[in-house]
1. When you scan the range 201-211, do you find a residue that is within 24 Å of residue 59 (Cβ to Cβ) and in a loop (DSSP other than H, G, I, E, B), even just one?
2. Return yes or no: is residue 151 loosely packed, with under 15 Cβ neighbours inside 10 Å and either within 26 Å of residue 87 (Cα to Cα) or modelled with pLDDT of 95 or more (or both)?
3. Filter the range 25-54 down to the residues that are away from the ligand (no atom under 16 Å from the Cβ) and among the hydrophobic types (A, V, I, L, M, F, W, C) and list them by number.
4. So in the range 233-245, with the set limited to residues that are assigned to a loop (DSSP other than H, G, I, E, B) and modelled with pLDDT of 95 or more, which one is nearest to residue 140 (Cα to Cα)?
5. Among what's in the range 150-172 and is β-branched (Val, Ile, Thr) and farther than 12 Å from residue 136 by Cβ, pick the residue that is farthest from the ligand (Cβ to nearest atom).
6. Return the residues of the range 181-200 that are surrounded by 24 or more Cβ atoms within 10 Å (Cβ to Cβ) and either away from the ligand (no atom under 15 Å from the Cβ) or of a type in the set (A, V, I, L, M, F, W, C) (or both); say none if nothing qualifies.
7. List every residue pair whose Cβ atoms lie under 6 Å apart, where the two residues are 6 or more positions apart in sequence or sit on different chains, the first residue falls within the range 122-135 and is closer than 15 Å to residue 87 by Cα, and the second residue, located anywhere, is in a strand (DSSP E or B) and of a type in the set (Asp, Glu).
Amino acid sequence: MVEVRLLGSGSGVLAGRRSQSMVLVRDDGGRGLLIDAGQPLQRRLYEEAVDPRVIDAVIITHIHADHIMGLPGLLFEIDALGATESPLIFLGERSLLTAKPMLEAFKPRRLALRVESVPDGRIHNFEAAGFRVETFPVRHSLPTFGVRVFDRRGRCILFYSSDTVYLEHLKDLAECEVGIHEATIPEGMASEAEERGFHSTPSQALEVLEKSRYKVLYHISEYSFRDGYPEGEYMVSFDGLSLRL
Ligand SMILES: [Zn+2]
């Protein structure tokens, strides 16, 4: 069994009580893969009774603050709990150039930082926390990738869009058990997606998630549903939503 748990569900600007982007994927053995590390990561781990030391790998899809600023706190947390090295942190090639000095500056002195780069602009496969992971480029205001996670049987457990404009070709990649797609801007702003920070509307998200078994709208802002809710069967994410597969 694999669990996909949304530690956060909101966007970069405060949306009510929602925390920022962070999705935890865990297998039976309890090893954890964290996708994105928004804020307040430490408090959300505590609230969900997740020991921070189970996080074996962290994938940062892009270096906007709402996807990475929870990471320094996590490093301090595991250092205080006796860890000597960080989880393996995956970042895009260009993101890494900016983020590595920041992480080096913020990390606890004794903790060894383990980082690995993910090639920008193409599909890439690797192992993380016991899962096969695939990253694929999406289109946001800076280099960003989406993530797919597969279980030991090769089943696609999770499709995660990260932050992106609507991309029709993602439909096939979203043929997974859980499909998580951002839905930051309201329907009426579809034509201004680029000016509005390269995001998608709820309907666009659902179009991409057509083939996903469980469709989850994510990265919710205070105005995501200003123009109404689309028709169809889907979930609007909330902090703590857990799916067991
Ligand atoms: Zn974001």
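The values are calculated or read from the model by the stated rules, or taken from the named source; none is laboratory data. Note that the structure is predicted; figures quoted are calculated from it, not measured. Cβ atoms come from the backbone with ideal geometry, glycine included; neighbour counts cover every protein chain shown.
1. No; the residues of the range 201-211 include none that is within 24 Å of residue 59 (Cβ to Cβ) and in a loop (DSSP other than H, G, I, E, B).
2. On the way: loosely packed, with under 15 Cβ neighbours inside 10 Å: no; either within 26 Å of residue 87 (Cα to Cα) or modelled with pLDDT of 95 or more (or both): yes.
Criteria not met by residue 151.
3. The answer is 25, 33, 45, 49, 50, 54.
4. Pass one, the range 233-245, residues assigned to a loop (DSSP other than H, G, I, E, B): 233-234, 237-241, 245.
This time we only want the ones that are modelled with pLDDT of 95 or more, so: 233-234, 237-241.
Working: 233: 27, 234: 24, 237: 21, 238: 23, 239: 24, 240: 26, 241: 25 Å.
The residue in question is 237.
5. Taking the range 150-172 first, the residues β-branched (Val, Ile, Thr) are 157, 164-165.
Applying the additional criterion that residues be farther than 12 Å from residue 136 by Cβ yields 157, 165.
On the way: 157: 22, 165: 13 Å.
The extreme case among them is 157.
6. Step one: filter the range 181-200 for residues surrounded by 24 or more Cβ atoms within 10 Å (Cβ to Cβ), giving 181-185, 199-200.
Of everything in the range 181-200, those that are surrounded by 24 or more Cβ atoms within 10 Å (Cβ to Cβ) and either away from the ligand (no atom under 15 Å from the Cβ) or of a type in the set (A, V, I, L, M, F, W, C) (or both) turn out to be 183, 185.
7. Here the result reads 129/56, each pair linking the range 122-135 to a residue that is in a strand (DSSP E or B) and of a type in the set (Asp, Glu).
Residues are listed down the side, and each one gets a yes or a no for (1) assigned to a helix (DSSP H, G or I); (2) within 16 Å of the ligand (Cβ to nearest atom); (3) touching a residue at least 60 places away in the same chain (Cβ under 8 Å):
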position	(1), (2), (3)
14	no, yes, yes
56	no, no, yes
73	yes, no, no
78	yes, no, no
99	yes, yes, no
